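What follows is a single structure, written as structure tokens, with notes after it.
The values are calculated or read from the model by the stated rules, or taken from the named source; none is laboratory data. Please read these numbers as outputs of a predicted model, since none were measured by experiment. When we count neighbours, we look across all protein chains shown, and the Cβ atoms used for this are built from the backbone with ideal geometry, even at glycine. Surface areas here come from the heavy atoms of the whole protein model, side chains and all, with no ligands, DNA or RNA. Shrake-Rupley method; radii C 1.70, N 1.55, O 1.52, S 1.80 Å.
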Amino acid sequence: MTADSTPALVQPAESPDGEPAFPAGASPGARGPRARNTKAYLQYAAGKIAGAIVSLFAVLVTSFFLFRLIPSDPVKQMTGGKRVSEQQLENLRHQFGLDQPMWKQFTSYIGDALTGDFGTSYQFHTPVIDKIADALPATLLLTGTAYVLYSALGIWLGTRTAWRNGSRSDRFNTAFALTLYSIPSFWLGLLLIIVFAVGIGPIPGMFPTGGLESGGETGFAYIIDVAHHLILPVITLVAVGYAQTLLVMRSSLLDEMGSDYLTTARAKGLRDDVVRRKHAVPNAMLPTFTLMFVNLGHVVAGQILVETVFSWPGLGGLFYSALSVPDLPLVQGLFFVFATAVILANTLADILYPLLDPRVGR
């Protein structure tokens with residue numbers, strides 16, 4: 001067989017000048033498409049990380065100026081309306097650095113924040129980072145539990161309703177989800193407190209009105225007590241969160257159901273549940289995957305209104321308390337933590353997305 005009769009599939013690739021693109025017998029796997037794809041992905045990921053760093057710095061700057069627009073004097077608020085001399089007020093302003101020029105306050109804040117020091121709380125007279133660390137576990141317990149439940153429930157129900165599009169269960173679940181999604185979470189929480197904590201008509205009050213624990217319990221009894229306090233706020237968060245997840249999952253799966261690859265899978269004789277589980281759902285999960293990472297950021301940020309309604313001792317309730325003063329160092333620190341959690345979750349989603357869908361990041 002002559003050189004010209006060599007099958008095209010086994011001929012070595014040539015560069016534009018006619019030379020082989022790689023030595024004969026060498027595998028192009030280490031270079032060529034795979035190397036180019038890896039390099040493109042690393043450049044894509046680096047760009048996303050750089051964008052996240054810029055966003056974090058922008059949040060740091062914004063958090064300083066935003067809360068200084070509040071028309072309130074933190075020092076006067078801290079005195080609780082008591083008769084205080086002007087000299088005492090000036091001493092407090094000097095103690096907290098509020099008598100310094102704005103530019104000096106800003107540079108000091110940026111320099112300290114970059115080292116993890118957000119200052120001392122006006123209210124609690126403790127480092128801001130310590131107050132955040134104390135309140136973080138309660139928020140993670142509440143929002144983390146709700147996140148797992150509403151993500152699983154929303155994906156499961158969204159898949160079933162879309163696959164049975166037009167059925168009675170589809171219409172009911174979609175209408176119910178739309179109703180819950182349109183209800184403000186704090187209003188739903190207040191409604192649950194009135195009905196199931198205070199009691200109304202024949203329904204007795206079965207749950208605590210708020211808080212993390214009753215106090216005085218230890219061991220297993222303490223776990224049961226905390227779980228009892230968790231029920232109503234978790235139901236509130238799950239009701240709104242699952243509705244959003246269901247609607248996104250249902251819409252994504254409906255878009256996939258008319259695709260040619262599903263028709264091909266059915267033509268091969270695959271059962272309907274196999275087509276749904278192994279072919280349709282993995283492709284429909286991509287938008288839901290993004291939503292889950294966005295919601296993951298809110299696990300740390302918490303739900304300020306829900307935590308406030310249920311007197312939950314987490315970051316959300318702490319933020320509301322700090323905002324009412326305003327406790328500027330604590331508000332700024334919490335705002336930065338909330339924004340950081342959301343930015344990092346979105347960045348992680350952007351980085352992982354091309355691994356699920358190779359079309360992204362090209």
How large a share of the accessible area of region 131-208, in percent, is made up of carbon and sulfur atoms when the probe is 1.4 Å and the other protein chains stay in place? 72 percent
Report the extension gain between Asn165 and Lys268 in nm, rounded to one decimal, defined as 0.36 nm multiplied by the number of residues separating them, less their alpha carbon distance. 34.8 nm
Long-range amide H partners of Thr120 with built H, under 5 Å: Val128
In square angstrom, rounded to the nearest 10, how much accessible surface does Leu66 have for a 1.4 Å probe? 80 Å²
For region 144-291, report the % of Cα-Cα distances exceeding 24 Å. 47 percent
Hey, rough spin-label estimate for Thr218 and Val148, points 7 angstrom out along Cα→Cβ, what's it come to in nanometres? 2.7 nm
Mind jotting down the distance between the C-alpha centroids of region 283-323 and region 167-209, whole Å? 19 Å
In Å², and per residue, what accessible area does region 137-222 have when probed at 1.4 Å with the other protein chains present? 57 Å²
